1. Select from segment A:22-40 the residues that are farther than 18 Å from A:LEU164 by Cα and small (Gly, Ala, Ser) and list them in ascending order.
2. Looking at segment A:51-60 only, could you name the residues that are under 20 Å from B:GLY3 (Cα atoms) and within 7 Å of another protein chain (Cβ to nearest Cβ)?
3. Which members of segment A:8-28 meet the condition of being under 17 Å from A:ALA128 (Cα atoms) and either touching a helix residue (DSSP H, G or I) at 6+ places or on another chain (Cβ under 6 Å) or surrounded by fewer than 16 Cβ atoms within 10 Å (Cβ to Cβ) (or both)?
4. Consider A:ASP98 against the criteria (1) assigned to a loop (DSSP other than H, G, I, E, B); (2) touching a strand residue (DSSP E or B) at 6+ places or on another chain (Cβ under 9 Å); (3) buried (at least 17 other Cβ atoms within 10 Å of the Cβ): it satisfies all of them except one. Which criterion is unmet?
5. So, in segment A:74-85, of the ones that are more than 19 Å from B:LEU85 (Cβ to Cβ) and part of a helix (DSSP H, G or I), which residue ends up nearest to the other protein chains (Cβ to nearest Cβ)?
6. Name the one entry in B:VAL278, B:VAL319, B:VAL248 that is surrounded by 14 or more Cβ atoms within 10 Å (Cβ to Cβ), of a type outside the set (Ser, Thr, Tyr) and in contact with a helix residue (DSSP H, G or I) (Cβ under 9 Å, 6 or more places away or on another chain).
7. Yes or no: A:GLY6 under 25 Å from A:ARG86 (Cβ atoms), within 10 Å of chain B (Cβ to nearest Cβ) and within 19 Å of the chain's Cα centre (by Cα)?
8. Looking only at segment B:53-86, which residues are charged (D, E, K, R), within 14 Å of another protein chain (Cβ to nearest Cβ) and buried (at least 23 other Cβ atoms within 10 Å of the Cβ)?
Amino acid sequence: MTVPRGALHLLAGANGAGKSTLLRLLAGVAAPSSGAVELLGFPAGAAELRGRVAWLPEASGAEWAATVEELAGLAAALHGGSRAARAERVEAALQETDLVALRRRRFTSLSKGERRRAATAQVLATGAELLLLDEPLDGVDPESAERLLERLAARARRGATIVLSSHVLLDGAIGGDRLTVLAGGRIVADGTPAQLLRDETGARRSFAALLRQARGGR
Amino acid sequence: MTGALRRVAALAWATARESSWVRALALALALLAAFAVTGIEVLPEVAAAPLRFERRLTLLCWLASGAALLAGAHAVGRDRRAGQLDAWRLSHARAGEILLGRALGAAAQVALAVAPLFAWLLVFDASGPCRQRDSLAPREQVSPVRVERGLVDGSRRAWRRGPVLLDPGERLELQFAALPAGEAELVLPWRGSLTPSSPPARFTLRLDGDPVVVGKGGEVTGFRLRRHWAQPPRIELALAPESGVVRVDLPAAMLRGPPRALAATFARLASGHVAELVLAALLGAALATAMAEGLALVLGGVLLLLCNLRALFVDAADVVREVHGHGWVDPALRAIAVAYERLVALLPDVTALRGVGRAARALPPWGAADGAAFLAASVASLLIALPAALLLARRPRGAR
């Protein structure tokens, strides 16, 4: 699987399909039993990738009591840059995740979907070239999820490379550059969202139908 | 370097602002310390203000360092559970920076919570230095260089350590080699009438051969002579033949200078306690990188206890070894005691780091051994943090 720079690459699949494992391999926190993972010209986990890659783990931020803005600010600080650049990145991340109004709210006081968006904002605030987002839409309401996907697509158009996994993809995913469907740890379908989300007659089909067909085609 | 400091500061700041329950717990423990020691004030052995101050502050420090251990373990344990430690490894932050930042933040959380109570104990409490300035303000202290006990038969015997029991007709001579600056006070605590039936002490106190006090003693008393000494004095305490036995507390015999400002004492106590909190938080954080929080707390708690009671354990092992010389101890027990002493000696002595004992004895806040205590704590911190940082920074097995 190859992800070109500046692309929004979607990973879809049922629970246990291997999406999170793939993202962990890309982040370099798990090692492949065979094969190789290379990011931005370096092996996954290489020291040269420090500050250039950011990863949103599946269970990120379960108990933080800090505010949304502080969490994003911390992630920005760990990834470096001038004070002005960090503030700019935090502001952009809060806007992209629709959290400007909730910036002073403590993470623990947020709803499940808001927490997920706050955790995503942390990763966006790093300003890393490659963003690995594991289930950023988990618990997020459909309207907010659509908007987030649109903004991530726009970020990719500005040069960021984004690999995003989700077990519930939405219409907004059409804006993605590439969609890979996983099942049982293997790629079962790969193409543009527009191609994969249409059936043989050219009619639009749901993600559920795509997953059913992909599983049947193994 | 600037970047590393900024990252550590960012992590510490974020940690210190989190988890209000840690602050609440620390405050509750601190209040417990204050009230618990208030309850034992009635016991005669803690009646003296310096002892009461030492016990109260020590208990507060113990509980606060326990809270720091908990806060440090929780901060890192939570990051580990949430996968955040792995996520931060992709940033510029090094494993050591993450550990240090989290530990400093956890220590700051606890320090902020107990600071008001700490300040209250120092400033407003009846046994604190501000209210007991005469007993607790630091003073220059000069101990006698030579102590001789003159027996009834006229022979003289050098006395090296510990209190001395003087029998009727005996004398005790103390020789000083230096004088503290300013008006110095001779302190010679002693206790007569050791049993209800013993006769009262009849004594003569001589300075450089001249009698200055001749009298009959009570149950608990001592001498406190304040004057401008021209030269280091020679003190002689002689008991009359009809006197009762007197116990002289020689370790406390000294010439001491006038009380100095308390600011240095406060700075010493605060810096020692903060260092202790950082050490405890770092211990909790480091252990939580490798094991579950509960286990980290138990193991860290045991280590902290050993660090706090180090002097006691070393003394106990010393006694076992000494008694063994008389054939009263099994060789196996002696071997265990020696091994235990060696193990405990590797741990930093946090009581020396804290400096409460020096304050309670009105010693100048900074002693010659304090540098070694801080150095030992720094080395211990490094030894704790290094394996944890290496563990945190390890790459997944098989990764290139």
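1. Quick first cut of segment A:22-40, residues farther than 18 Å from A:LEU164 by Cα only: A:31-36.
Those that are farther than 18 Å from A:LEU164 by Cα and small (Gly, Ala, Ser): A:ALA31, A:SER33, A:SER34, A:GLY35, A:ALA36.
2. At the first step, the residues of segment A:51-60 found to be under 20 Å from B:GLY3 (Cα atoms) are A:51-54.
Correct list: A:GLY51, A:VAL53, A:ALA54.
3. Here is the first cut: in segment A:8-28, the residues under 17 Å from A:ALA128 (Cα atoms) are A:8-9, A:23-24, A:26-28.
Answer for segment A:8-28, where residues must be under 17 Å from A:ALA128 (Cα atoms) and either touching a helix residue (DSSP H, G or I) at 6+ places or on another chain (Cβ under 6 Å) or surrounded by fewer than 16 Cβ atoms within 10 Å (Cβ to Cβ) (or both): just A:LEU8.
4. (2)
5. Quick first cut of segment A:74-85, residues more than 19 Å from B:LEU85 (Cβ to Cβ) only: A:81-85.
The next check asks that each one be part of a helix (DSSP H, G or I); those that pass are A:83-85.
On the way: A:ARG83: 9, A:ALA84: 14, A:ALA85: 13 Å.
Checked segment A:74-85; the qualifying residue nearest to the other protein chains (Cβ to nearest Cβ) is A:ARG83.
6. On the way: B:VAL319 fails: surrounded by 14 or more Cβ atoms within 10 Å (Cβ to Cβ); B:VAL248 fails: in contact with a helix residue (DSSP H, G or I) (Cβ under 9 Å, 6 or more places away or on another chain).
The unique qualifying residue is B:VAL278.
7. It is false that A:GLY6 is under 25 Å from A:ARG86 (Cβ atoms), within 10 Å of chain B (Cβ to nearest Cβ) and within 19 Å of the chain's Cα centre (by Cα).
8. We begin by selecting, within segment B:53-86, every residue charged (D, E, K, R); these are B:54-56, B:78-81, B:86.
Of the ones still in play, those that are also within 14 Å of another protein chain (Cβ to nearest Cβ) are B:78-81, B:86.
The answer is B:ASP79, and nothing else.
The values are calculated or read from the model by the stated rules, or taken from the named source; none is laboratory data. Nothing here was measured: the structure is a model prediction, and the numbers come from that model. Here Cβ is always computed from backbone atoms with ideal geometry, including for glycine, and neighbour counts include all displayed protein chains.
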